[in-house]
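I have placed the structure first, in the form of structure tokens, so that the comments after it can refer back to it.
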Amino acid sequence: MNEQKAPSIYFEIGKTLALQLAETYASVDPRVGVAVDVAKLILEQQQRVAKQTSILAQAQAEGWTEDDARWDAPLAAQRAEFDAAHAEHDRLVAQRKQS
Amino acid sequence: MKKLLLGFLVLGFLAGGAGGCAEQTVTPAANSNVQKVYAANNNLILAENALNLLYKKELERRTTDPKGKVLLTDSAYDTAYTLQLEAEKILTQAMAVARGPRGDGSDGMSAQNLLDQAQKKVDQINKVAGVPPK
């Protein structure tokens, strides 16, 4: 079991090191900074998906019904993230109009 | 007293059986469709956040480095935002299909078609936002 997990640990260390390296160059070129931030977003997303997958797997193992709140919870969390993205969009458009 | 206990046992058995049947109405195919919608939602959230991030950097650049390279134009941002709203609407439909009365897998193609439509829009947003393809 540990042998199976080892490569993913190295992969995580590799990703962290790559991010640190990229961040060092980010101060040189703003476009690199954007790429680094996007990479961070992707990593955060992967963590969220892994957590969600485990919640869904548990719900599935216990038996799902259509009204089951365990299935509605991830959807509500995603809805909140969409709303947050829209709020950020509105804020940025307002900032654009001010400048 | 024994008859009463036996009655409760029979009722409990029947209720348990009915519960088991209710769970079986959702097939693995329907569960799979729901999970696909969750995954598509996650991809869309990532694209939206990346797009906002890029535009935030662009607005910062306009004040700090007005003559620098344009990261994202206003029109590209606005167009991508329209795509976001369309993709969200499509995914809401896809979830309704996947979880609706016919969410037993028999309409799997419909849900898949909606997911494909949404994915095309997500791909377009990602292209603008600079998110690398998987």
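The values are calculated or read from the model by the stated rules, or taken from the named source; none is laboratory data. Bear in mind the structure is a predicted one, so any value in this text is a computation, not a measurement. Cβ sites come from the backbone with ideal geometry, for glycine too, and all protein chains shown count toward neighbours.
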Picked from the range B:48-75 (must be more than 28 Å from the chain's Cα centre (by Cα) and of a type in the set (K, R)), the residue surrounded by the fewest Cβ atoms within 10 Å (Cβ to Cβ) is B:K67
From the option list A:Q52, A:Q45, A:Q58, single residue qualifying as in a helix (DSSP H, G or I), at pLDDT below 75, touching a helix residue (DSSP H, G or I) at 6+ places or on another chain (Cβ under 9 Å) and facing another protein chain (nearest Cβ under 7 Å) is A:Q52
Restricted to the range A:81-99 and to residues being at the interface with another protein chain (Cβ under 7 Å from one of its Cβ atoms) and of a type in the set (D, E), the residue farthest from B:K56 (Cα to Cα) is A:E81
I need the full set of residues from the range A:74-96 which are exposed (fewer than 14 other Cβ atoms within 10 Å of the Cβ) and at pLDDT below 90, in order please. A:A76
Scanning the range B:50-91 residue by residue, those of a type in the set (D, E), more than 7 Å from chain A (Cβ to nearest Cβ) and in a helix (DSSP H, G or I) turn out to be B:E58, B:E60, B:D78, B:E86
